[in-house]
1. If I go through segment 266-297 residue by residue, how many of them are open to solvent by less than 50 Å² (accessible area, probe 1.4 Å), closer than 30 Å to Ser139 by Cα and assigned to a helix (DSSP H, G or I)?
2. Would you point out the residue of segment 232-251, among those that are among the aromatic types (Phe, Trp, Tyr) and touching a Phe, Trp or Tyr at 6+ places or on another chain (Cβ under 9 Å), that is surrounded by the fewest Cβ atoms within 10 Å (Cβ to Cβ)?
3. Could you list, in sequence order, all residues of segment 198-231 that are more than 25 Å from Asp167 (Cβ to Cβ), surrounded by 13 or more Cβ atoms within 10 Å (Cβ to Cβ) and of a type outside the set (D, E, K, R)?
4. Tally the residues that are without any contact (Cβ under 8 Å) to a residue 40 or more places away in the chain, part of a strand (DSSP E or B), surrounded by 18 or more Cβ atoms within 10 Å (Cβ to Cβ) and not aromatic (Phe, Trp, Tyr), restricting the search to segment 126-152.
5. What helices (runs of 4 or more DSSP H) lie completely within segment 1-77 and have 1 or more residues being modelled with pLDDT of 60 or more, hydrophobic (A, V, I, L, M, F, W, C) and open to solvent by less than 50 Å² (accessible area, probe 1.4 Å)?
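The values are calculated or read from the model by the stated rules, or taken from the named source; none is laboratory data. Note that the structure is a prediction, hence the values are computed from the model and not measured. With ideal geometry, Cβ positions are generated from the backbone for all residues, glycine too; neighbour counts draw on all protein chains shown. Heads up: the accessible areas ignore ligands, DNA and RNA and are worked out on the full protein's heavy atoms, side chains in. Shrake-Rupley method; radii C 1.70, N 1.55, O 1.52, S 1.80 Å.
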Amino acid sequence: MNDDLLVKYLADEASEAEKSTVLQWISEHSDNERYFNHFRMIWEESETVALKGSADGNAAWDRFRNKVILKQAPPARIRSLSYWVRIAAVLVLIATAGGIAVSVYLNSRIVRMVRLQSHDSTLSDTLPDGSVITLNRNSRLSYPSRFTGKTRNVSMEGEAFFKVAGDKSHPFIIKINDVTVTVVGTSFNIKSRHQKTEVIVESGIVRVFKNNDRVELKAGEKATTGKNGVLSKGINTSTLYHSYSNREFICHNTPLPELTAAVSDAYNVEILIANKELEGSKISTTLSNKSLEDILTVLSVTFNAEVEREGRRITLK
């Protein structure tokens, strides 16, 4: 996008065709929208020059320049600058006069690392490419403020559920410990706890690398690495592997201890089964967006169990 055209658009000097071009460009990608919003903020902070007359882009820039720079630099010198450097120069003068900080615009062009960390609750965020990530408790994710180059690289610790935006020309690469996961557009869960890493695929295709080993996973498959460092592929049988991200518990003849472990993880509690007879019990049900109290009531009625609570510790007797 030519910055002069944005100047014409903001000065209301653009033709209908040019306006359509700008609006289409803004809607094509979130990065374009962010760029435009920064550009508009610069325009507004510079006292929004009252532009009239010619629809020539350079003339629009000249009027904007003359209003803000106040002839503090030779016109030939200013005109020789690249478009975004011109804007930066304008910001320097505005900031010197007590206006907005130069970093507002420059930061939109600088790639910096963003670090997310969850503590006692899950944390969701949308990445620059539109991918959605949900971190489980006590997990971390690092990613650039703007993806550049041929790949989209992030690193993480703990557990997270990914819904990766499709982009075949820019693979999405996740680094977790000594495991590398590569995808294009898919949804999957990654967990690394106690020296064990597990990748479970919900949709799409995922490639998992560890040293010289590689496996390719499809929906319903998983890859695991243990303390022995061996990368293995298998079938996923769990329906509760990312219940922490949506609090949806789908059980098909699911062992009760597996359900109570998933509920404990999702609600940050500790559910213990004190009745040994219950440990071998199984349950088939779907619990979606239920409160912890509702889930405990279902378990109590289903298994004729007494529920005892002491702080975050819950015991089924």
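1. Of the residues in segment 266-297, 5 are open to solvent by less than 50 Å² (accessible area, probe 1.4 Å), closer than 30 Å to Ser139 by Cα and assigned to a helix (DSSP H, G or I).
2. Tyr241
3. Of everything in segment 198-231, those that are more than 25 Å from Asp167 (Cβ to Cβ), surrounded by 13 or more Cβ atoms within 10 Å (Cβ to Cβ) and of a type outside the set (D, E, K, R) turn out to be Thr224, Thr225, Gly226, Leu231.
4. Selection size over segment 126-152: 4.
5. Passing ranges, in order: 3-10, 16-28, 30-45.
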